[in-house]
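The values are calculated or read from the model by the stated rules, or taken from the named source; none is laboratory data. This one's a predicted model, so the numbers in the text were calculated from it and none came from an experiment. So basically every Cβ, Gly included, is an ideal-geometry build from the backbone, and we count neighbours across all protein chains shown.
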Amino acid sequence: MVYLILVLIHVIAVIIFLGNITIAPFWKSQAEKTKERLLILNTWEGIIRADKFFTMPGVVLLLIFGLGGAMHGGFPLVETGWIFWSIILYAFSGATFMFKVSPLQKKIVALAKDESNFSWEEYQYLAKQWDIWGTFATITPWVAVILMVIKPNI
């Protein structure tokens with residue numbers, strides 16, 4: 001029963017985490033369609049707040065309860081390929097978010113806050129970089145979910 005509770009909390013955390021990082025590009029694109037600097041600013045500030053309240057707690061909970069579930073279930077983390085590679089993908093996603101996505105978000109907000117220096121071209125350059133790195137940071141945990149569900153013998 002303890003194993004099932006650990007896995008249940010892990011899955012709920014994954015849903016919160018993936019749901020938030022998957023929907024952020026949608027809100028970004030909706031704001032960009034308006035080309036209104038203040039709406040774009042508000043959207044980016046909302047994305048950052050959502051990361052604080054949903055993504056980061058999801059990261060912590062899914063890690064704690066995922067590792068707890070694996071250990072309680074008797075799965076060796078390194079020898080169980082689908083767990084090992086999921087952890088690697090999850091780590092790549094986290095590193096990409098910390099070193100690329102988050103700094104880009106802060107630059108975009110700073111740019112959008114400064115009406116006198118706001119440049120649509122500069123914004124588009126930063127947003128495109130965010131799209132690239134954000135896609136990597138989003139696809140890698142989705143692949144981890146596939147591994148966790150399919151459990152291939154790797």
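In region 51-60, is there at least one residue being in contact with a Pro (Cβ under 9 Å, 6 or more places away or on another chain) and over 19 Å from THR135 (Cα atoms)?
The first filter runs over region 51-60 and keeps only residues in contact with a Pro (Cβ under 9 Å, 6 or more places away or on another chain), leaving none.
No, region 51-60 contains no residue that is in contact with a Pro (Cβ under 9 Å, 6 or more places away or on another chain) and over 19 Å from THR135 (Cα atoms).
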Legend entry - Test result for SER86, among the polar types (S, T, N, Q), surrounded by 13 or more Cβ atoms within 10 Å (Cβ to Cβ), within 25 Å of LEU63 (Cβ to Cβ) and in contact with a Phe, Trp or Tyr (Cβ under 8 Å, 6 or more places away or on another chain): no
In the set PHE84, PHE75, the lone residue that is in contact with a helix residue (DSSP H, G or I) (Cβ under 7 Å, 6 or more places away or on another chain) and either modelled with pLDDT of 95 or more or basic (Lys, Arg) (or both) is PHE75
Test: LYS151 is more than 19 Å from TRP27 (Cβ to Cβ) and either surrounded by 14 or more Cβ atoms within 10 Å (Cβ to Cβ) or in contact (Cβ under 8 Å) with a residue 40 or more places away in the chain (or both): yes
A careful count of residues in region 1-24 that are crowded, with 16+ Cβ neighbours inside 10 Å and closer than 29 Å to TRP120 by Cα gives 3
Within region 119-148, the residues that are assigned to a helix (DSSP H, G or I), in contact with a helix residue (DSSP H, G or I) (Cβ under 8 Å, 6 or more places away or on another chain), more than 15 Å from LYS28 (Cβ to Cβ) and not β-branched (Val, Ile, Thr) are GLU122, PHE136, PRO141, TRP142, ALA144, LEU147, MET148
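Filter region 1-58 for residues that are among the hydroxyl-bearing types (Ser, Thr, Tyr) and more than 26 Å from MET148 (Cβ to Cβ) and give the result.
Our first condition is that a residue be among the hydroxyl-bearing types (Ser, Thr, Tyr); within region 1-58, this holds for 3, 22, 29, 34, 43, 55.
Of everything in region 1-58, those that are among the hydroxyl-bearing types (Ser, Thr, Tyr) and more than 26 Å from MET148 (Cβ to Cβ) turn out to be SER29, THR34, THR43.
Name the single residue, out of those in region 36-80 being aliphatic (A, V, I, L, M) and exposed (fewer than 14 other Cβ atoms within 10 Å of the Cβ), that is nearest to TRP120 (Cα to Cα). First the steps, then the outcome.
The first filter runs over region 36-80 and keeps only residues aliphatic (A, V, I, L, M), leaving 38-41, 47-48, 50, 56, 59-64, 67, 70-71, 77-78.
Checking which are exposed (fewer than 14 other Cβ atoms within 10 Å of the Cβ) leaves us with 38, 60, 71, 77-78.
On the way: LEU38: 13, VAL60: 36, MET71: 50, LEU77: 47, VAL78: 47 Å.
Out of the qualifying residues, it is LEU38.
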